[in-house]
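Structure, as structure tokens:
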Amino acid sequence: MGLSMALIITVANRKGGVGKTTIATNIAVALMNKGKTLLVDADEQRSAYKWNDFRESKLDSIAVHENLLDMLEKKVEDYDFILIDIAGRDSEVFREALLVTDKLVVPTQASLLDLEVIPYLEDKIQKVKTDNPTLEAYIVINKAPTNPKSSEIEQAKAYLADYPNFKLLQTVIKDRKQFRDAIVEAKSVSEMNSSKAKDEFNEFLIEVL
Ligand SMILES: Nc1ncnc2c1ncn2[C@@H]1O[C@H](COP(=O)(O)OP(=O)(O)OP(=O)(O)O)[C@@H](O)[C@H]1O
Ligand SMILES: [Mg+2]
């Protein structure tokens, strides 16, 4: 054991396009204001890495596609927080991340096609509990419809209540343009004008951190 070990947060889902990178980049900015933070981009697309590269106030960031554990072992004593953005498919890097992650954040959209991967993730977490018993796993509904008449959110919440390895977050992150704009501007929503996106993301952070 080192003197101090980074808290490791992983954002993952085998589904693509559910908002992993969006949520990872927004968490990253929140963490960098709390302590020394490393942003690990474990997706070949390198979206998070590139987002950081365009920023004025950059985080430390590395792109990793294999041997995640070797890299983490070298870095874990140098940081307060390590945030990992995982590719939207099954990967060795995801398996490695599960072994050492303190907090796993799984964003999902509310539709049935996006939810069908959850039983598989529930099983993965169950299996990794022997090696990583303190892992906390959270599901957050993202890109949810803003139309108050939509029943999709309530239906998704009901479905997700049946997976005991996951804590379903109360906060629902809605489909808001500001999240897309923030990525393009190499910012977090917290660095933009006040908005519902910013308020929602703050609620999310309170639940997860
Ligand atoms: N809450 C949101 N509101 C509006 N747009 C969003 C939201 N979350 C994500 N998006 C948009 O959805 C698209 C996919 O998001 P993102 O790239 O973060 O997903 P991902 O899960 O990382 O995808 P991939 O599997 O390709 O890595 C992007 O255009 C992003 O700007
Ligand atoms: Mg991504």
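We did not get these values from a lab; they are worked out from the coordinates using the rules stated. Predicted, not measured: the structure shown is a model, and the values here were computed from it.
Look at where the Cα atoms of the stretch 181-209 and of the stretch 102-162 average out, and the two centres are 20 Å apart. Straight-distance candidates among the lysines for linking to LYS36, with alpha-carbon spacing under 22 Å and chain neighbours fewer than 8 residues away dropped: LYS20, LYS50, LYS58, LYS74, LYS75, LYS103, LYS187.
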